[in-house]
Structures are given as structure tokens and as C-alpha cells.
Amino acid sequence: QVQVVESGGGLVQAGGSLRLSCAASEWILAFNSMAWYRRAPEKQREFVASITRGGSKDYADSVKGRFTSSRDNAKNTVYLQMNSLKPEDTAVYYCTATRGTNDYWGQGTQVTVSS
């Protein structure tokens, strides 16, 4: 069973930075892509960022220019560097790994941005 574990969340002031990590139990290049989603209180889950096996990256418009995804293949880990954080970035952030038709989700990590 594939496991995906997020870490790095916390409380930060507006304008600050956090780096989230997502560690997979298997070689991450075996996945088609890995992505970050978030769910804010009383809102639906939304896409944040993704990185494909080939290294292509995609971002939600709301985070472009502020968030950057990256990976360390040797550590089977992907990262989400979040800069210039805003209160509206407050959410539980989830990592998912996709292989074929299967999506493997982590438990999420809370990010809270105070104004």
C-alpha cells in the first residue's frame, strides 16, 4: 500500500514562508505526477500545484509567483515552497501521488496564516 505523508505545516504571519514536504513510500518517479491540494474551512478542496514525472509543473492562478514545487528523487519527496503567504492560504494541505487511475492521498498538514 502506497503511503504519502505530509509535513511542514504550521502557523505563520502574513507575508511569511513555509515549506511543505510530502514523502512517498515508493520511488516518486514511478508515479505519473504528484500534486498538492488544499481545503479551507467551509470550502471545497482545490488544486494548488503539481509536478509530473517529466518535471512539468502547474500552479493554481491564486498561488502563481508565490508557491514553487520541487522534488528530491533520492528522498522520494516533493516539496511546496510557499512564500508571501496570505490569510486566504489558510487550509489543510494535502499531497497526492497518481499512478494510472489510482490516487494516493496523505492525511494533510494544517497551514494557518495570521493577518
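The values are calculated or read from the model by the stated rules, or taken from the named source; none is laboratory data. Here the structure is a predicted model, which means the values were calculated and not measured. Glycine also receives a Cβ, built like all others from the backbone with ideal geometry; neighbour counts cover every protein chain displayed. Only protein heavy atoms, including side chains, enter the accessible area calculation; ligands, DNA and RNA are left aside. Shrake-Rupley method; radii C 1.70, N 1.55, O 1.52, S 1.80 Å.
For Asp103, tell me the accessible area in Å² from a 1.4 Å probe, rounded to the nearest 10.
90 Å²
Given a cut-off of under 8 Å on Cα pairs at least six residues apart, what relative contact order in percent is computed for the chain?
Averaging sequence separation for qualifying contacts and normalising by length gives 37 percent for the chain.
If we count every other residue with Cβ under 14 angstrom of Ala24's Cβ, Lys/Arg +1 and Asp/Glu -1, where does the sum land? Intermediate values should be presented prior to the final figure.
On the way: positive: Arg53, Arg71, Lys75, Arg99; negative: Glu6, Glu26, Asp72, Asp103.
Counting the neighbours of Ala24, the net charge comes to 0.
What's the local net charge at Arg99, with K and R +1, D and E -1, over the other residues with C-beta under 10 Å away?
Net of charged neighbours comes to -1.
Identify all aspartates and glutamates with a Cα-Cα distance to Lys64 below 17 Å; exclude those on the same chain that are fewer than 8 residues away in sequence.
Cα-Cα hits under 17 Å: Glu46, Glu88, Asp89.
Looking at the range 1-78, which trypsin sites (Lys or Arg not before Pro) are DSSP coil and have at most 11 other C-beta atoms within 10 Å of their C-beta? Working shown, then result.
Details: sites: Arg19, Arg38, Arg39, Lys43, Arg45, Arg53, Lys57, Lys64, Arg66, Arg71, Lys75; in loops: Lys43, Arg45, Arg53, Lys64, Arg66.
Loop-located and lightly packed - Lys43, Lys64.
Residue separation times 0.36 nm, minus the C-alpha to C-alpha distance between Trp27 and Arg99: what's the value? Spell out each step's value before the answer.
On the way: separation 72, 0.36 × 72 = 25.92 nm, distance 1.15 nm.
Stretched fully, the Trp27-Arg99 segment lengthens by 24.8 nm.
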